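What follows is one structure encoded as structure tokens, with my remarks underneath.
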Amino acid sequence: MRVIDLFAGCGGLSMGFQKACFEVVAAFDNWKESCDVYAANFNHPIFQADLSNLEDLGILKQWEPDIIIGGPPCQDFSSAGKRDETLGRADLTISYAKIISEIKPEWFLMENVELIRKSRVLQEAVSLFKKSNYGLSSTVLDASYCGVPQTRKRFILVGKIDAADGFLDKYFTKNKSTRPMTVFDYMGENLDIEYYYRHPRSYARRGIFSVYEPSPTIRGVNRPLPKGYKKHEGDLCEPSDNIRPLTTLERSYVQTFPKSFKWFGTKTSIEQMIGNAVPVNLAKYLAQCIFEYIEGSQNYLPKQKFIQQQLELFKV
């Protein structure tokens, strides 16, 4: 299946779909720094484009996608942001829905924060999808049950032309782990600490975590332990000079980017790219849900069986 990735960022969704053997043929994003990092890590092209104002969709149509994937920027819905749909970035969800409705790939996948479920924008986007004859399946997945050592809840919406609503629901859950993945499960002895600091959004929340639990959600900021920090309720140990935040690279590993992934740019921009990314293993999990649905459908012919049948046809 040919895939194009919109609002691709540094490539978490793309990499996950590639790992599940989908053919990602092109990507699009409007942030030059993330486009440069994406280009350094993939063989297919990424185009810097303002998807909120794309008058000519020919640049997308020419790739003849079977599926369009994307995570429109979520800051206007995020619990780490202002939760205000009127700030403008929420409109990119509508832009995404309009692009899907115009190009009409057989499939689409949209990822966003859990809070989008309560938004007017999601209702408007769903209305556009339904008018274009998409059957829809949606869920909220905690990435820590999907191969990611991080508690990161994300809203997932998948559409397929002419399908019944809920067509993918059982696949969203059938392969989930029975327990959350911890940082130690994923990184083992490669991490030389037992406790680390993650700056809380408010001082009513804890800031010190153990590697023997899932990481909290990786955000786009990474601050050191403040001087004079006092132990908060829930902190798993006393603050000390040995307590540090995860490094930038360690945070990318928690997002399940491979060690071979090339990062460059300012520290601030790299941290933002990592925090904004879809975890690679969550993207792979979602791609595998789609693949299993296709494999299980009556009209699906596995590639190897198809090739074998073609060879049989040409036997003398």
Excluding ASP235 itself, calculate the net charge of residues whose Cβ lies under 12 Å from the Cβ of ASP235, where each Lys or Arg counts +1 and each Asp or Glu counts -1. +3
For a quick size check, give me the Cα extents of region 87-221 along its three principal axes, largest first, whole Å. 52, 37, 22
√(5λ) per eigenvalue of the Cα gyration tensor, the chain, largest first, Å: 35, 23, 19
Between GLY16, GLY265, GLY70, find the one with the highest GNM mean-square fluctuation for the chain; connect C-alpha pairs within less than 10 Å. GLY265
Select from LEU236, LEU60, LEU51 the residue whose mean-square fluctuation is largest in a Gaussian network model of the chain (Cα-Cα springs shorter than 10 Å). LEU236
If each of LEU249 and THR268 carries a label point 7 Å out from its Cα toward its Cβ, how far apart are those two points in nm? 2.4
Nitroxide proxy distance, nm - points 7 Å out along Cα→Cβ at LYS130 and ALA49: 2.9
Taking every pair of alpha-carbon atoms in region 142-254, what share in percent sits in each 10 Å bin, from 0 to the bin with the longest distance? 12, 38, 27, 14, 7, 1
Can you tell me the alpha carbon radius of gyration of region 1-60 divided by the globular rule-of-thumb value 2.2 N^0.38 Å? 1.05
Which trypsin sites (Lys or Arg not before Pro) in region 158-189 pass both tests, a DSSP loop state and at most 15 other beta-carbon atoms within 10 Å? LYS176
Which whole number of Å³ per residue matches the convex hull of the alpha-carbon atoms in region 190-295? 141
In Å, what is the Rg of the alpha-carbon atoms in region 114-153, and how long is Dmax? 13.3, 38
Residues whose modelled amide H sits under 5 Å from the amide H of ALA163, counting only those 5 or more places away in sequence or on another chain, are GLY135
Thinking of region 164-208 as a set of Cα atoms, what percent of all their pairs are more than 15 Å apart? 68
Rounded to the nearest 500, what is the 222 nm mean residue ellipticity of the chain from helices alone, with -39500 (n - 2.57) per DSSP H run of 4+ residues and division by all residues? -9500 deg cm²/dmol
Cubic angstrom per residue, convex hull over Cα atoms of region 185-242: 96
7 Å from Cα along Cα→Cβ at both LYS153 and ASP241: what's the point-to-point distance in nm? 4.0
At 0.36 nm per residue, and after removing the present C-alpha to C-alpha distance, how many nm does the segment from SER297 to HIS232 gain when stretched out fully? 18.2 nm
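For region 195-242, state which chymotrypsin sites (Phe, Trp or Tyr not before Pro) are in a DSSP loop and have at most 15 other beta carbons lying within 10 Å of their beta carbon.
TYR203, TYR212
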GNM result for the chain, Cα springs below 10 Å: residue of SER177, SER252, SER215 fluctuating most strongly: SER177
Do the alpha carbons of any pairs in LYS153/LYS284; LYS130/LYS170; LYS104/LYS131; LYS118/LYS153; LYS32/LYS160; LYS19/LYS176 sit beyond 23 Å of each other, and which pairs? LYS32/LYS160
Through the Karplus equation 6.51 cos²θ - 1.76 cosθ + 1.60, θ set to phi - 60°, convert the phi angles of region 190-206 into ³J(HN,Hα) values in whole Hz; use x for Gly and Pro. 5, 9, 8, 10, 9, 10, 8, 9, 10, 4, x, 6, 8, 7, 7, 10, 6
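A short reminder: the numbers here are calculations on the coordinates, not readings from a lab. All values derive from a computational prediction rather than experimental measurement. Neighbour counts are summed over all protein chains in view; Cβ atoms, including those assigned to glycine, are modelled from backbone coordinates with ideal geometry.
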